[in-house]
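**Q** Mind looking over this structure? Questions follow.
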Amino acid sequence: MSLILYGASLSPFVRKVRTSLLEKKLDYSMEMIIPRNQPDWYYQINPLGRIPALRDGEFEICDSAVICAYLDEKYPDTPALCGNTIEEKARIRWFEKYGDYELAPLATFTVFFNRALAKSMGLPSDEDAVQKALIKLVTHFDYLEQQLADNDYFVGNRFTLADIAIVTQWVNLSYGQEQLNADKWPKLVAHQQRVLARESLQVLKADETKMLARIA
Ligand SMILES: N[C@@H](CCC(=O)N[C@@H](CS)C(=O)NCC(=O)O)C(=O)O
């Protein structure tokens, strides 16, 4: 098996795939691709230039959601993260989409980008945009708190890609010096801590801390 993941460790989408790979105990190597500084050859793998992309032998595929679904189907003897029943699969896809398309524009592309990345790229930080994003995030925190109800995990009350897709956005939020308020969203904070305590995410945290220090 020769899995190569293309990307950079601070991307929430790359983290989603790396967490899946670690949870599945699939060996992989990582080839660094920095957003906005992609080499020309990378556009042959992903014409959009976005990270992550995955090479599995001769096969190449991009987009974190597509990659995670591929890994579940290609390696069925590893822990299933995308659900077992049709209903579970659909619910997990919903939370993944929610994380990727509702949370990411606020938590990652606005808070994380302006607070943690902009300076290292020689760009101004837009704190006004950050404040607006933090206000918009409240509705999402409320919804997700309600969706957890009394469960430990979002779908089927066991760890799935739904949990990875949501928590990966909270990681970027924390790199932008923002934390969920445990008084307002206690279930969501407990869920975040539960997920972040997993070995997979602990391993990644150690790696990401080094990268954060480099861009500080
Ligand atoms: N839907 C994509 C989103 C990937 C994405 O937006 N990646 C960002 C980094 S976090 C990127 O590569 N941006 C560079 C660009 O758009 O040129 C996925 O899940 O893989």
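**Q** Do you know which of the residues in segment 3-53 that are away from the ligand (no atom under 12 Å from the Cβ) and assigned to a loop (DSSP other than H, G, I, E, B) is nearest to K210 (Cα to Cα)?
**A** Y28
**Q** If you don't mind, there's one more thing I want to ask. State whether the residues of segment 83-97 include one that is of a type in the set (S, T, Y), under 26 Å from L196 (Cβ atoms), more than 9 Å from the ligand (Cβ to nearest atom) and modelled with pLDDT of 95 or more.
**A** No: zero hits.
**Q** Pairs please, first residue from segment 12-36 and surrounded by fewer than 22 Cβ atoms within 10 Å (Cβ to Cβ), second anywhere and among the polar types (S, T, N, Q), Cβ atoms under 6 Å, 6+ apart in sequence or on different chains.
**A** L22/S200; E23/S200; K24/T78
**Q** Here is a follow-up. I'm told K132 meets every condition in (1) surrounded by fewer than 15 Cβ atoms within 10 Å (Cβ to Cβ); (2) within 20 Å of Y6 (Cβ to Cβ); (3) away from the ligand (no atom under 14 Å from the Cβ) except one. Can you identify the failing condition by its number?
**A** Just one mismatch for K132, condition (2).
**Q** Can you confirm whether segment 116-136 contains a residue that is more than 16 Å from the chain's Cα centre (by Cα) and of a type in the set (V, I, T)?
**A** Yes, that holds for at least one residue.
The values are calculated or read from the model by the stated rules, or taken from the named source; none is laboratory data. Computed from a predicted model, the values in this text were never measured in an experiment. Methodologically, a virtual Cβ is constructed for each residue, glycine included, from the backbone with ideal geometry; neighbour enumeration extends over all protein chains shown.
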